Each structure stands twice: as structure tokens, then as C-alpha cells.
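The values are calculated or read from the model by the stated rules, or taken from the named source; none is laboratory data. Keep in mind that what you see is a predicted model, and the values were worked out from it rather than measured. Here the Cβ is made from the backbone with ideal geometry for all residues, glycine too, and neighbour counts use every protein chain on show.
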Amino acid sequence: MARAVVTGAAGFLGSHLVDTLLADAHDVVGLDNLSTGRRQNLRAAAGSARFRFVRADLTRSARLPAADRYYHLASPASPPAYQRDPVGTLRVNGVGTLRVLEAARRHDARVVISSTSEVYGDPLVHPQPESYWGHVNPIGLRSCYDEGKRFGEALCMAYRRQYGLDVRIARIFNTYGPRMDPEDGRVVSNFIVQGLRGRPLTVYGSGRQTRSFCYVSDLVRGLAALGDAKKSVVTPMNLGNPREFTVERVARLVARALGVPFRVAHDPLPADDPKQRCPDIRRARAELGWSPTVPLEEGLTSTIAYFRDTLQVGRRGVA
Ligand code: UDP
């Protein structure tokens, strides 16, 4: 049992991590400025006497609470969300990460940082192992996120080398599941919401670009295992599902799972959209004994149930 601080606690991943840490008997303080996170994601956690929520901007507020472990997940994460606030995105991944590392240093604590597959940019190596340095446009529309996370990783390694801080970096690949924000613009949530509303699914570009989708329970189990691992655990570590799909195939799977006709509207491909992405997870398998277990078809079923509930739509479409 330990005291954990989770930044970005009201977000999609943050809130699931909070639930997992509470279930593992930790005391948890959740921090969020609610810029993209949502209070309703913490409804379950709010019932626990071992949970406390603090609404604060990590980059501006006073000291972080003391803890044995810091999980830093605060950041806008979907392309439309981080592109709406590129400065805030750089700030939370730069200044925010610095503040988390300083707090951990002050309290002699362990840190788990959420980095991203975006550090690989539009990759020239496939699938992506942690040893790949990436192919990133430093001044493009995605750079606030990509370079913000890369700077965050550099900070972590500097604290590790200079101060011996126990830092673990998780490079998180595309993840989906209940508690995604219906409006956050990601591919799985967009397709489900569009299908439920009887609209065509918006496929960007040819739809031949690929992604690999991890169900949220698998991902959070990996994050918790990374936090629990022995100090000598190798970092950074890819966490994601190595089964790769074209975006068009995802659209077909979503339409089938919803029981709606397959209808797409082709929109332009956004700038710098990576053409392929798939994690090499050999390190996580070896170091943590971790691998994902939920296939996309199964994860979609529970994700669709969540969206039906959230949007109040019945089996026949909009209520
Ligand atoms: N995408 C799409 N339609 C949408 C949203 C996204 O075709 O309505 C594509 C997007 O261009 C990208 C992939 O789906 O190639 C994954 O996009 P997402 O925003 O979910 O995450 P990313 O991996 O790009 O950060």
C-alpha cells in the first residue's frame, strides 16, 4: 500500500488508473484542471474514503501533495484537443513534468510518466521498438504533443541520471474504451458516435493508414504493473496492442458491431498523420510479463454499450 498522486485523474486513462490503484488498496490523490478531463469519470472513485480530488492546474498551482508514487497523465491527448491548445500542451508536458519530477525528488518517490507512441512520429521503422528514435516534424501541427512528450522523456532521463530518481516512462499507443469523451475526435469514439447517430463514418484520407488499439483495462493493468515493477525495470516501455488495423477496417468493424450499414464519408487526411503504427511489446512482455488480452471486436462491444448509455441512444439510433 502506498500513497499515489495521479495527475490527469479525471481523464479517460487517469480515471481508470485511479480505480485500479484504489482497488489495489492505495490511497490516491487525483489532480486535474478539468480542461479535457471530466468529473463524471471519477464517480466510482468519489465513493472511496481513500480518494481525494484536487481541482488544480499542475503548471500553476502551489506544491504537489506528498506521495510515494506519482503517475503523471495530465495532458490533452487527442489530436483536436491538443491542437486547440498547443501552448497548454507544451506547458503541461514541460513545466508539468518538471514539477512532478521535483515533487518526486523532494519526497524520494517513484514516478510513472505517460509518454506516447507519438514520440515515433510518422515512423520509418515498423513495428516500433523502444530503441527507435522516431521521425518527428518539430514544427508541425502535432509537434506540441510529440515534442512536448519527447521533452518530458528527456527531463525524466535527466532526473534519473543526475539525481538517481526512480522514473519509469510508458509509451502509450492508441487506447479506447468506456469513459472516452464522445467529442474528443479520436477515431474509435468518432466512428461509434457517428454510427449511433445514423451518420456516415468519417474516414480521413484513403483509410489505409494503420493503428493498433488497446482496450483500456489492458492498458491500465500495464501501467499499474510498470508502477509496481522493481527499480531495475528497463525504461522506456511501449504499452499497446500489437494487432494492427487499417482505419477503413476499423470503420467496417464498428459498423458491424453497431449493426448499421457500412457508410463512410471521406475527409482530408490531417497534416503529418502517421501512416502506420504498431507497438513492439517484447520489452513489456519480458520485464512485466504483460500483454493485452482483449481483442478489438470484444472491446468494441463494451465501448459501444458505454456510448449508447452516455448518448442515451437505443438500439435503433438516436432516442
Ligand atoms: N481518423 C479518421 N476518422 C476520424 C478520426 C480519425 O479516419 O473521425 C484517423 C486519423 O486520421 C488517424 C487515425 O484515424 O489516421 C487515428 O486517429 P486518432 O485521432 O484516433 O489518433 P492518432 O493515432 O492519430 O493520434
Completion exercise
Note on Pro80: of the conditions (1) free of Cβ contacts under 8 Å to residues at least 60 places away in the same chain; (2) surrounded by fewer than 22 Cβ atoms within 10 Å (Cβ to Cβ); (3) not small (Gly, Ala, Ser), unmet is (1)
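Taking the condition of being polar (S, T, N, Q) and closer than 12 Å to Leu155 by Cβ, how many residues in the stretch 65-105 meet it? Break it down into steps so the answer makes sense when it comes.
Here is the first cut: in the stretch 65-105, the residues polar (S, T, N, Q) are 75, 78, 83, 89, 93, 97.
Still in the list and also closer than 12 Å to Leu155 by Cβ: 93, 97.
Qualifying residue count, the stretch 65-105: 2.
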Exercise for the section: Examine the stretch 117-133 for a residue that is within 16 Å of the ligand (Cβ to nearest atom), polar (S, T, N, Q) and touching a strand residue (DSSP E or B) at 6+ places or on another chain (Cβ under 9 Å), and state whether such a residue exists. Expected result: yes
Completion exercise
Per the list (1) out of contact with any Lys or Arg (no Cβ under 9 Å at 6 or more places or on another chain); (2) more than 20 Å from Val119 (Cβ to Cβ), residue check on Leu64 breaks on (1)
Problem - Residues that are more than 19 Å from the chain's Cα centre (by Cα) and either among the acidic types (Asp, Glu) or within 11 Å of the ligand (Cβ to nearest atom) (or both), drawn from the stretch 234-248 - result: Thr246, Glu248
Problem - Residue in the stretch 162-190 that is farthest from Gln276 (Cα to Cα), counting only those that are free of Cβ contacts under 8 Å to residues at least 24 places away in the same chain and within 13 Å of the ligand (Cβ to nearest atom) - result: Glu183
Handout entry: Pick from the stretch 169-218, criterion small (Gly, Ala, Ser) and part of a strand (DSSP E or B), ranking: surrounded by the fewest Cβ atoms within 10 Å (Cβ to Cβ)
Key = Ser212
Practice task
Restricting attention to the stretch 277-294, report how many residues are more than 18 Å from the chain's Cα centre (by Cα) and at negative phi.
Solution key: 6
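Is at least one residue of the stretch 272-279 within 21 Å of Pro178 (Cα to Cα) and within 16 Å of the ligand (Cβ to nearest atom)?
Let us first name the residues in the stretch 272-279 that are within 21 Å of Pro178 (Cα to Cα), namely none.
No, the stretch 272-279 has no match at all.
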Practice task
Being under 19 Å from Asp108 (Cβ atoms) and in contact with a strand residue (DSSP E or B) (Cβ under 6 Å, 6 or more places away or on another chain) narrows it down to one of Ala66, Ala4, so name that one.
Solution key: Ala4
Handout entry: Any hit, the stretch 106-120, residues being under 14 Å from the mean Cα position of the chain (by Cα), of a type in the set (D, E, K, R) and under 20 Å from Gly152 (Cα atoms)
Key = yes
Exercise for the section: Determine if the stretch 192-215 includes at least one residue that is more than 14 Å from the ligand (Cβ to nearest atom), closer than 28 Å to Glu130 by Cα, modelled with pLDDT of 95 or more and of a type outside the set (Gly, Ala, Ser). Expected result: yes
Problem - Scan of the stretch 220-278 for residues that are among the basic types (Lys, Arg), assigned to a loop (DSSP other than H, G, I, E, B) and touching a Ser or Thr at 6+ places or on another chain (Cβ under 9 Å), ordered by number - result: Arg243, Lys275, Arg277
Problem - Close pairs (7 angstrom Cβ cut-off, 6 or more residues apart or separate chains): in contact (Cβ under 8 Å) with a residue 40 or more places away in the chain in the stretch 271-294, among the aliphatic types (A, V, I, L, M) and within 16 Å of the ligand (Cβ to nearest atom) anywhere - result: Ala271/Leu141; Asp272/Leu141; Ala284/Leu239
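Within the stretch 19-31, is there a residue that is buried (at least 24 other Cβ atoms within 10 Å of the Cβ) and under 16 Å from Ala81 (Cβ atoms)? Before the answer, list the steps.
Step one: filter the stretch 19-31 for residues buried (at least 24 other Cβ atoms within 10 Å of the Cβ), giving 21, 28, 30-31.
Retained after the next criterion (residues that are under 16 Å from Ala81 (Cβ atoms)): none.
Within the stretch 19-31, none of the residues are buried (at least 24 other Cβ atoms within 10 Å of the Cβ) and under 16 Å from Ala81 (Cβ atoms).
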